[in-house]
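Asks: Once you've had a glance at the structure underneath, I'll fire off some questions.
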Amino acid sequence: DIQMTQSPSSVSASVGDRVTITCRASQDLTNWLAWYQQKPGSAPKVLISTVSKLQSGVPLRFSGSGSGTDYTLTITSLQPDDVGTYYCLQAKSFPLTFGQGTRLEIK
Amino acid sequence: QVTLRESGPALVKPTQTLTLTCTFSGFSLSTTAMAVSWIRQPPGKALEWLSVIDWNDNKFYSTSLRTRLTISKDTSRDQVVLTMTNMDPADTATYYCARYLRGHDFGYYFDSWGQGILVTVSS
């Protein structure tokens, strides 16, 4: 199984800050990596697929980058609505695996 | 518009078998690159992928749970069913079904999710 190590586990930042979340895979994902946002009491929502493809309706302050085993989700100019938990997903091979999540809060 | 909805019991007893149904609309599971997956999330914990079935009836399972899981589809009714045997209190979680896109033209990811169903395992 491919292991996904996500960091940090939690982050607290101020409105307007730049926030970076990383995922490291135990093997090359050949860019089959997606990012999800989950708000309390709700299902996850896809933000980015295939490393950097922003989904429809997702604000441009979200972006993804990376290759091989290392991938990054960046939020430029953090907004209050960005509070939630973020997960990466590897879709290189079955079984699919998620990162352990990053809880994002506003200072 | 793609929608998915989970249904099943809210409470099961230890050792019982859980049967969950995902009823979806807005796509067909007989269309190339379409798949439906199950994911669960224990209270306060991370997402855990369980299983997937695709348009070609390929089935894949979580390594740790594969002996307890069975996934099937009824294309005519637009439903996917997941059974999990020998339920334990540690299986208490919100169970989600989601559409999984599976093709180089679409990418490989969950693009639409159901609202989830909380299943509690307790005697």
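Asks: Please work out whether the stretch A:1-64 counts as rounded, prolate or oblate from its C-alpha gyration tensor, where a ≥ b ≥ c are the square roots of the eigenvalues and a/c under 1.5 means rounded, while otherwise a/b larger than b/c means prolate and anything else oblate? Each step should come with its number before you reach the end.
Replies: Details: a/c = 1.57, a/b = 1.30, b/c = 1.21.
Prolate, because a/c is 1.5 or more and a/b exceeds b/c.
Asks: List, by residue number, every residue in the stretch B:108-122 with a reduction of 20 Å² or greater in accessible area between the chain on its own and the complete protein assembly, 1.4 Å probe.
Replies: With the partner chains in place, the stretch B:108-122 has these residues losing at least 20 Å²: B:Y108, B:Y109, B:F110, B:W113.
Asks: Give the carbon-plus-sulfur fraction of the accessible surface of the protein assembly as shown in %, rounded to a whole number; probe 1.4 Å, heavy atoms of protein chains only. Spell out each step's value before the answer.
Replies: Working: 4740 of 10290 Å².
Of the solvent-accessible surface of the protein assembly as shown, carbon and sulfur hold 46 percent.
Asks: On to the next question. Give me the accessible area buried between chains A and B, both sides summed, with a 1.4 Å probe, in Å² rounded to the nearest 100. Before the final figure, lay out the partial values.
Replies: Numbers: alone 5750 and 6380 Å², together 10290 Å².
Approximately 1800 Å², summed over both chains.
Asks: Mind giving me the nanometre distance, one decimal, between the label points for A:E105 and B:T32, set 7 Å out from Cα along Cα→Cβ?
Replies: 4.9
Asks: If the only charges are +1 at each Lys and Arg Cβ and -1 at each Asp and Glu Cβ, what is the size of the charge dipole of chain B around the Cα centre, to the nearest 20 debye?
Replies: Details: 11 positive and 10 negative charges, 42 e Å.
The dipole magnitude comes to about 200 debye.
Asks: What lysines could a cross-link reach from B:K45, if we take a straight Cα to Cα line under 17 Å and drop same-chain neighbours fewer than 8 places away?
Replies: By straight Cα distance, B:K45 reaches A:K39, A:K45.
Asks: Provide, in order from the shortest bin, the percent of all Cα-Cα pairs of chain A in each 10 Å bin, continuing until the bin that contains the maximum pair distance.
Replies: 16, 52, 28, 4
Asks: Pulled fully out, how much extra length does the chain show between A:S14 and A:D1, if you take 0.36 nm times their separation in residues and subtract their Cα-Cα distance? Before the final figure, lay out each step's value.
Replies: Details: separation 13, 0.36 × 13 = 4.68 nm, distance 3.66 nm.
Length gained, A:S14 through A:D1: 1.0 nm.
Asks: Might you tell me the accessible area per residue for the stretch B:15-123, computed with a 1.4 Å probe and given in Å²? Walk me through the numbers before you get to the answer.
Replies: Values: 4590 Å² over 109 residues.
Heavy-atom accessible area per residue stands at 42 Å².
Asks: Let me ask something else about it. Considering the zone a paramagnetic label at B:S72 would reach in this model (a point 7 Å from Cα along the Cα-to-Cβ line), which residues of the stretch B:1-34 have amide N under 16 Å from it?
Replies: So the set is B:17-23.
The values are calculated or read from the model by the stated rules, or taken from the named source; none is laboratory data. Everything quoted here is computed from the prediction, not taken from an experiment. Here the Cβ is made from the backbone with ideal geometry for all residues, glycine too, and neighbour counts use every protein chain on show. Heavy atoms of the whole protein, side chains included, go into the accessibility calculation; ligands, DNA and RNA do not. Shrake-Rupley method; radii C 1.70, N 1.55, O 1.52, S 1.80 Å.
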